[in-house]
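K.L.:
Quick one: the structure is below, questions incoming.
The values are calculated or read from the model by the stated rules, or taken from the named source; none is laboratory data. Nothing here was measured: the structure is a model prediction, and the numbers come from that model. Reconstructed Cβ throughout: ideal geometry from the backbone, glycine too, with neighbour counts over all protein chains shown. Side chains are part of the model used for accessible areas, which takes the heavy atoms of the whole protein and leaves out ligands, DNA and RNA. Shrake-Rupley method; radii C 1.70, N 1.55, O 1.52, S 1.80 Å.
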Amino acid sequence: MTDLPVTGGPAGAGDTGVVRGLPVTATIPEGHVRMPDTGPPPAPPPDEPAGATSSRRGDRLFRWLVTGSGAFVVALIGAIGLFLLVQAIPSVLVDQDNFLLSRNFDTEDPANLRFGILDLLLVTVEVSVFALVLAMPVGLGIALFLTQYAPPRLARPFGYLIDVLAAVPSIIFGLWGILVLAPVLEPVAGWLQAHLGGFFLFAPGNSGIAGATVFTAGIVLAVMILPIITSITREVFERTPRTHVEAALALGATRWEVIRIAVLPFGRSGYISASMLGLGRALGETIALTIILAGVQTPFSGSLFDGGATFASKIALSFAELNNDLSAGAYIAAGLVLFVLTFAVNALARAVIARSGAVA
Amino acid sequence: MKLQRHGLVAALLAASALLLAGCGSDPVPAGGGAGAPAAGGPAVDCGGKENLSAEGSSAQKNAMDAFVQAYQAACPGHNVAYNPTGSGAGIKQFSAGLVDFGGSDSPLSQEKGEVAAAAERCQGNPAWNLPLVFGPVALAYKIEGVTNLVLTAEVAAKLFNGQITTWNDPAIAALNPGVDLPDTPVKVIYRSDESGTTDNVQQYLAAASKGAWTQGTGKKFNGGVGSGAEKSSGVAQAVAATEGSISYVELSFAQDAKLSIARIDSGSGPVELTAENVGKAIEGAKVIGSGNDLVIDLKGVYAEPAPGSYPLILATYEIVCSQGYDADTAKAVKAFLTVAATTGQANLADAGYAPLPASFQEKLLTAVTAIA
């Protein structure tokens, strides 16, 4: 994350580097000092822990430990990828259908596997993107409210409350979605289908169970990823340099203008990476979706009112009765695609952050 | 040994009394079921290995829970850990000697080499398939104003594969004279997860529908129409929430959700789903295994059920060694299976399965006693 262009205010803040990458601006008033090193003049990005000349044993040990941690996570992810690949290849090789383009997922007979991931991919992407589209503006609004508008006495408990939302188990969200939310959404869904049915997103779908649709699932997912987006974005906005804000105020800016001039440009990359973390969560969400989404016998049409299965929910629906390595391999191959998809999304997010950092 | 026999008879009597009581409308209170064996004397020869392990079919998970509960009541300090990972996994783990017995929706297959592999695990002795768990499957529906629907296997097959699309179809009307069937679309609901229930229903439709079901069998629903809901609870909930829906689900779930259950006419008039009528069907199940290997053929029950029997049932097996366990394990396995076949059956109705009829219970106990 340190190789991102660091120009002026906005630091290139990656997923986990939000806090660490920030304090690079010229002067930071008391209360915002987060720098690990104590040197009075702001050092260049704190790559090396203070002074490479120091070679005390504790330093070396610590360096060794952190390097080990870094290497461990890389090795872990590499091992996961390798495992998926090794398990998936035999099944994909004997697949009678096109793995990427088929909409079947028939793995009952290991001698006659017919599976493809097209529908799984489409449903996964649609439900996740729909959730993100709903959650991003709301998350931004909450973060701005908490950092710019709410009195501190209110902001703190409010923030905790949102974090609690992240601790609700996803099975609860799933049951709530299908039992409580779905009936409430029925009239809304009916109205959308009646008035906007010409547009493919709102066309009547293939789910025969009321509310067991991508629409309901997306809204539930949006609620689930909201705390992730909100809490990270809030952290970033809180660290908007006081000087920027005061400069804007000194120019006679209104509160909205302060947000526009100082807070948003500074926090944009953090906000985007928070959203991408949320998207990652949405892509991998399993239990809530197995409960909500109806199984279907017809291909996915792209409508929000279709049922279907995502990568993760498809695997969860079948794993209890997987009896042989070849059938299991078909699901592992689907998992591999999800793995790649998540990587692609993250890479995309990095690119977006890097670009927005450069522009600001 | 003699004493044990006496105990066995006593247990049988107690169990059949329980069964008869179970056939009435009032379920036997769980306490009564658990209390009986203690009074019945040393029917269960507790002892041996304290913690048995088993693995396999998820369809019998709830029955296994009931069995384990009864086993712990009968033999304090003893336990069975059952891991519901799927029938194939159960057979594999059993044959590898990693678990003490396996649970499977289908008997060991000769062609797949499972019989030979299991025999090797049992030190050269054959493994037995013991059908300990039977369950009726309800054809549950929700149609405005209709609570006494009658279906045949043929019409059910046509509903589940989309050949019949509205409830006032002449084929349904012919079976339900005098019933005001609405002009609403049929909404099929199926299990979206892979399940032995789906497999058995499809086998039933294939065997009994006079050729109307051409979609084949398997754990995945092949009907080509409808929407899937997860697990039995999801199916029951979806049927309850969807007007004009029909599905298949284990009895207890249909009852809990207060769903209407179709009567099935197999040629001798509509038959209701009751424990008694299910018992008749189980009694009609033909044992095709040899000796104590109680492999049963439900195809006969499906295709030509005895008059007055409810044919849509499923059976799952425990797979055990006839010989070749070490003494400790053999003792515990026998104790557990004895409990499962007697007192354990009393609680099965609540878990959505059907208790064993007395004739079948006798065969099972003979087999269990013969395990060495």
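K.L.:
Which of the numbered conditions does A:Val223 fail, given that it passes all the others? Conditions: (1) within 14 Å of another protein chain (Cβ to nearest Cβ); (2) in a helix (DSSP H, G or I).
P.N.:
With respect to (1) within 14 Å of another protein chain (Cβ to nearest Cβ); (2) in a helix (DSSP H, G or I), A:Val223 is out only on (1).
K.L.:
Another question about this same structure. Those residues that are closer than 17 Å to B:Tyr302 by Cα and open to solvent by 10 Å² or more (accessible area, probe 1.4 Å), I need them from the range B:156-176; list them, please.
P.N.:
Correct list: B:Lys158 only.
K.L.:
Every residue in the range A:65-123 that is within 14 Å of chain B (Cβ to nearest Cβ) and without any contact (Cβ under 8 Å) to a residue 24 or more places away in the chain, please.
P.N.:
A:Asn104, A:Asp106, A:Asp109, A:Ala111, A:Asn112, A:Arg114
K.L.:
Failed condition for B:Phe253, given (1) within 19 Å of the chain's Cα centre (by Cα); (2) open to solvent by less than 30 Å² (accessible area, probe 1.4 Å); (3) under 30 Å from A:Ile291 (Cβ atoms), with all others met?
P.N.:
Here B:Phe253 meets the rest and fails (2).
K.L.:
Taking the range B:76-91, which residues are out of contact with any helix residue (DSSP H, G or I) (no Cβ under 6 Å at 6 or more places or on another chain) and in contact (Cβ under 8 Å) with a residue 60 or more places away in the chain?
P.N.:
B:His78, B:Ser87, B:Gly90
K.L.:
Any idea which of (1) over 27 Å from B:Gly56 (Cα atoms); (2) crowded, with 23+ Cβ neighbours inside 10 Å; (3) among the polar types (S, T, N, Q) is the one A:Thr298 doesn't satisfy?
P.N.:
Condition (2) is where A:Thr298 drops out.
K.L.:
So which residues in the range B:204-230 are among the polar types (S, T, N, Q) and either within 20 Å of B:Tyr141 (Cα to Cα) or crowded, with 24+ Cβ neighbours inside 10 Å (or both), if there are any at all?
P.N.:
Within the range B:204-230, the first condition is being among the polar types (S, T, N, Q), and the residues that meet it are B:209, B:214-215, B:217, B:222, B:227.
B:Ser209, B:Asn222, B:Ser227, listed by residue number.
K.L.:
Within the range A:99-141, track down each residue that is part of a helix (DSSP H, G or I), open to solvent by less than 60 Å² (accessible area, probe 1.4 Å) and touching a Phe, Trp or Tyr at 6+ places or on another chain (Cβ under 6 Å).
P.N.:
Within the range A:99-141, A:Asp119, A:Leu120, A:Val123, A:Thr124 qualify.
K.L.:
Need a quick list: strands (runs of 3 or more DSSP E) entirely within the range B:10-124 having at least 2 residues that are at pLDDT 85 or above and of a type in the set (A, V, I, L, M, F, W, C).
P.N.:
Strands (runs of 3 or more DSSP E) meeting the threshold: B:51-56, B:79-83.
K.L.:
Something else now. Step by step: first the residues of the range A:146-172, then only those that are of a type in the set (S, T, N, Q) and away from every other protein chain (no Cβ under 14 Å), then the one that is nearest to A:Leu226 (Cα to Cα). Which residue is that?
P.N.:
Within the range A:146-172, the match that is nearest to A:Leu226 (Cα to Cα) is A:Thr147.
K.L.:
Now a separate question. Looking only at the range A:142-153, decide whether some residue is loosely packed, with under 15 Cβ neighbours inside 10 Å, within 20 Å of A:Glu238 (Cβ to Cβ), touching a helix residue (DSSP H, G or I) at 6+ places or on another chain (Cβ under 9 Å) and of a type in the set (A, V, I, L, M, F, W, C).
P.N.:
No, the range A:142-153 has no match at all.
K.L.:
Can B:Gly279 be described as open to solvent by less than 50 Å² (accessible area, probe 1.4 Å) and in contact with a Cys (Cβ under 9 Å, 6 or more places away or on another chain)?
P.N.:
yes
K.L.:
So, one more: May I ask you to say which residue of B:Lys187, B:Lys258 is of a type outside the set (Asp, Glu) and crowded, with 20+ Cβ neighbours inside 10 Å?
P.N.:
Numbers: B:Lys258 fails: crowded, with 20+ Cβ neighbours inside 10 Å.
Every option except B:Lys187 fails the conditions.
K.L.:
Also: Does B:Gln123 satisfy the criteria of being closer than 29 Å to B:Glu362 by Cβ and assigned by TED's automatic domain parsing to the domain that holds B:Ala358? Give the steps one after another, and end with the answer.
P.N.:
Numbers: closer than 29 Å to B:Glu362 by Cβ: yes; assigned by TED's automatic domain parsing to the domain that holds B:Ala358: yes.
Judged against the criteria, B:Gln123 is a match.
K.L.:
Please go through the range B:57-69 and give me each residue that is touching a helix residue (DSSP H, G or I) at 6+ places or on another chain (Cβ under 8 Å), open to solvent by 20 Å² or more (accessible area, probe 1.4 Å) and within 14 Å of chain A (Cβ to nearest Cβ), ordered by number.
P.N.:
Within the range B:57-69, B:Ser58, B:Ala59, B:Asn62 meet the criteria.
K.L.:
In the set B:Glu230, B:Glu250, which member is away from chain A (no Cβ under 14 Å), of a type in the set (Asp, Glu), touching a Ser or Thr at 6+ places or on another chain (Cβ under 7 Å) and under 30 Å from A:Phe300 (Cα atoms)?
P.N.:
Just one listed residue meets the conditions, B:Glu250.
K.L.:
Moving to a separate point now. Has the range A:339-350 got any residue that is under 30 Å from A:Tyr271 (Cβ atoms) and open to solvent by less than 30 Å² (accessible area, probe 1.4 Å)?
P.N.:
In the first step, residues of the range A:339-350 are kept if they are under 30 Å from A:Tyr271 (Cβ atoms); the result is A:339-350.
The next check asks that each one be open to solvent by less than 30 Å² (accessible area, probe 1.4 Å); those that pass are A:345, A:349.
Checking the range A:339-350: at least one residue is under 30 Å from A:Tyr271 (Cβ atoms) and open to solvent by less than 30 Å² (accessible area, probe 1.4 Å).
K.L.:
Filter the range B:233-245 for residues that are more than 8 Å from chain A (Cβ to nearest Cβ) and over 16 Å from B:Val137 (Cβ atoms); which is least open to solvent (accessible area, probe 1.4 Å)?
P.N.:
B:Gly244
K.L.:
While we're here: Hey, could you check the range B:70-93 for residues that are among the small types (Gly, Ala, Ser) and more than 13 Å from chain A (Cβ to nearest Cβ) and say which is nearest to B:Ala341 (Cα to Cα)?
P.N.:
Within the range B:70-93, the match that is nearest to B:Ala341 (Cα to Cα) is B:Ala70.
K.L.:
Same structure again: State yes or no: is B:Ile296 in contact (Cβ under 8 Å) with a residue 60 or more places away in the chain and touching a Lys or Arg at 6+ places or on another chain (Cβ under 9 Å)?
P.N.:
yes
K.L.:
Please go through the range B:300-321 and give me each residue that is touching a Phe, Trp or Tyr at 6+ places or on another chain (Cβ under 6 Å) and within 18 Å of B:Ala138 (Cα to Cα), ordered by number.
P.N.:
Once the filter is applied, which keeps residues that are touching a Phe, Trp or Tyr at 6+ places or on another chain (Cβ under 6 Å) and within 18 Å of B:Ala138 (Cα to Cα), the range B:300-321 yields B:Tyr302, B:Pro311, B:Leu312, B:Ile313, B:Ala315.
Residue-wise test of (1) within 14 Å of chain B (Cβ to nearest Cβ); (2) buried (at least 22 other Cβ atoms within 10 Å of the Cβ); (3) not in a helix (DSSP H, G or I).
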site: A:Gly174; (1), (2), (3): yes, yes, no
site: A:Glu186; (1), (2), (3): yes, no, no
site: A:Gly208; (1), (2), (3): yes, yes, yes
site: A:Ala212; (1), (2), (3): yes, yes, yes
site: A:Ala217; (1), (2), (3): yes, yes, no
site: A:Ile228; (1), (2), (3): no, yes, no
site: A:Trp256; (1), (2), (3): no, no, no
site: A:Ala262; (1), (2), (3): no, yes, no
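K.L.:
Is the range B:199-211 home to any residue that is within 27 Å of A:Gly211 (Cα to Cα), within 14 Å of chain A (Cβ to nearest Cβ) and of a type in the set (Val, Ile, Thr)?
P.N.:
No; the residues of the range B:199-211 include none that is within 27 Å of A:Gly211 (Cα to Cα), within 14 Å of chain A (Cβ to nearest Cβ) and of a type in the set (Val, Ile, Thr).
K.L.:
Let me ask something else. How many of the residues making up the range A:294-341 are within 15 Å of A:Phe99 (Cβ to Cβ), over 25 Å from the mean Cα position of the chain (by Cα) and not hydrophobic (A, V, I, L, M, F, W, C)?
P.N.:
So the count comes out to 2.
K.L.:
Among A:Leu283, A:Leu289, A:Leu317, A:Leu279, which is more than 30 Å from A:Gln148 (Cβ to Cβ), part of a helix (DSSP H, G or I), in contact (Cβ under 8 Å) with a residue 12 or more places away in the chain and more than 14 Å from chain B (Cβ to nearest Cβ)?
P.N.:
One residue alone meets the criteria, A:Leu283.
K.L.:
Here's a follow-up. Could you please give the count of residues in the range B:299-330 that are surrounded by 21 or more Cβ atoms within 10 Å (Cβ to Cβ) and of a type in the set (Asp, Glu)?
P.N.:
1
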